[in-house]
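Contents: one structure, followed by commentary.
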Amino acid sequence: MAKRKLQSKRILLTGASSGIGYALAQQLVAAGNDILVVARREQRLISLQEATNECTGTIHCLAGDITSGDFRAEMIQWIDTNWDSTLDVLINNAGIGSHQAFADSKPEYLRQIMEVNVIAPLELIRGHLQHLRRGQSPAICNVGSVLGHVALPGNSEYCASKFALHGFSDALRAELSNEQIDVVLVSPSTTRTEFFDSLLAGPQAGKSDKGMSVQVVARKIVRAIEKGRRESILSWKALLGVWQDRIFPSLTSRQLASWYQRQKQLPQNSWDLKQCLSI
């Protein structure tokens, strides 16, 4: 794993229309990077581009659905045409979630979560490896979650997707070690974003008012990539929860089961989801 400075790099960033991705794009373009930002909401991307047009770097917008093979091919073609088939950093940030018991969930929710959180980033990596091999100190950054380390009841599908991304990142890191392409996994916990607005099911809690700000999370992600860290859990409280689960797994399971049973007695919209997600 190599150290690098994220300046004057060619960077592909998904999920850039809000939250962590939006803050990442702002910080990276301010540092003088050339960034291709991707998301479904085109107007949000245009607003981001306009808000940063005086920065030393440049933002290019490409609106579409990363779960579409045709759109992923369009992204590959864009880099072939505009960046001479060269990419320095790929940041897989886009993600969605669902909050409800697995037995109550719909099959289409599971497929959608896996498509966005697992299959799309894996296929993006597959498609852009050819570009990364031509890059300068290349790196792949997968934005996971603390729930890819500790499983939270009521979030089984989301946990499955983030555990999958965690395991994939570990395996790919070893596979690419001789090619000098770093694979960085960053795991935020509760962040003040619009994530809860985009839940496929469960309490629509709106913008979280707990946890780290998106600006702080974005800075920590940039630092993890620059320092070439294998994995980075972005809050000390989450790190303690992960270590508790590793050292005392039975205790953690009992605590989470007890919390879940208490929450089930409450109306779903009053679940203290944010507090539990801050572990």
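Figures for the structure shown
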item: First in region 240-261 and over 17 Å from GLY148 (Cα atoms), second anywhere and polar (S, T, N, Q), Cβ under 8 Å, 6 or more apart; result: LEU251/GLN244
item: Those residues of region 105-143 which are closer than 27 Å to LYS264 by Cβ and assigned to a loop (DSSP other than H, G, I, E, B), in sequence order; result: SER105, LYS106
item: Test: residue in region 86-103 that is of a type in the set (Asp, Glu), out of contact with any Phe, Trp or Tyr (no Cβ under 8 Å at 6 or more places or on another chain) and not in a strand (DSSP E or B); result: yes
item: Region 13-66, residues that are free of Cβ contacts under 8 Å to residues at least 12 places away in the same chain and assigned to a helix (DSSP H, G or I); result: GLN43, SER47, GLU50
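Rule-based calculations on the coordinates, nothing more; no lab input. Please read these numbers as outputs of a predicted model, since none were measured by experiment. Cβ sites come from the backbone with ideal geometry, for glycine too, and all protein chains shown count toward neighbours.
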